[in-house]
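K.L.:
I have a structure here, written as structure tokens, and I will follow up with some questions on it.
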Amino acid sequence: MANAPVADSGPKKASAQDDKAASVDALVDRESKKGACDDGHKAALEKLLADAEANMSKSGMQLVAKRVVALGTAAKSIELAVSGKGTEVHVLAYGVRDVSLDVLVGTAAATTLRSPFQRSATSGPLSIELPKIGMVDELQTDSRQVTIKPGQPIVAKVSGQGCAALVAFLKP
């Protein structure tokens, strides 16, 4: 009988996780259909971007761009103007559901690597607090590291569902 409460807590926890996952799925579906971010979700992603900017600037990286974008059935193309003398650009994308990233230099696909900063750009774990849902502990991520000519613009193509955060840094 002493083990009964322990046995009961497992299914309740799994049920709470299932409820959270269903709530996140519903949020992502609404955002995808509407083509716009939920205000609370957007604010949480902007907070994540601010943390990444502050943390990466400590290591000497220069911010190129940061924004929250609503994703749907088609990939979003975002042109990023890169100023500075550096040639190594790191583009990172974060979302609560699958997110995919491609980088073009001009109109051609760039030769890229995964950025070593994909999981370490922020000062803490990759998580956000969503109103009415709670903490989402494991964000989905994708990244690219690309070498460009100084000042050359790049295009980030982001695909997925719901809202995603996109941030790019230049290594001086």
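K.L.:
Do we find that L126 is part of a strand (DSSP E or B) and either in contact with a helix residue (DSSP H, G or I) (Cβ under 9 Å, 6 or more places away or on another chain) or touching a residue at least 24 places away in the same chain (Cβ under 8 Å) (or both) in this structure?
P.N.:
Criteria not met by L126.
Matching residues to (1) within 30 Å of I148 (Cα to Cα); (2) surrounded by fewer than 16 Cβ atoms within 10 Å (Cβ to Cβ):
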residue: D18; (1), (2): no, yes
residue: L27; (1), (2): no, no
residue: A36; (1), (2): no, yes
residue: H41; (1), (2): no, no
residue: K47; (1), (2): yes, yes
residue: S57; (1), (2): yes, yes
residue: L63; (1), (2): yes, yes
residue: G106; (1), (2): yes, yes
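K.L.:
Having 2 or more residues that are more than 14 Å from A165 (Cα to Cα) and β-branched (V, I, T) is the bar; report the strands (runs of 3 or more DSSP E) wholly within segment 73-119 that clear it.
P.N.:
99-105
K.L.:
Condition first: farther than 21 Å from L130 by Cβ and charged (D, E, K, R). Now tell me which residues in segment 80-106 satisfy that.
P.N.:
K85, E88, D102
K.L.:
Just to check your reading of the model, which residue among V103, V82, V96 is in contact with a Lys or Arg (Cβ under 9 Å, 6 or more places away or on another chain) and among the aliphatic types (A, V, I, L, M)?
P.N.:
On the way: V82 fails: in contact with a Lys or Arg (Cβ under 9 Å, 6 or more places away or on another chain); V96 fails: in contact with a Lys or Arg (Cβ under 9 Å, 6 or more places away or on another chain).
Answer to the selection: V103.
Here, each number is a calculation from the coordinates, and none is a lab measurement. Worth saying up front: this structure is predicted, and the values here are computed from it rather than measured. No Cβ is skipped: glycine too gets one built from the backbone with ideal geometry, and neighbour counts run over all protein chains shown.
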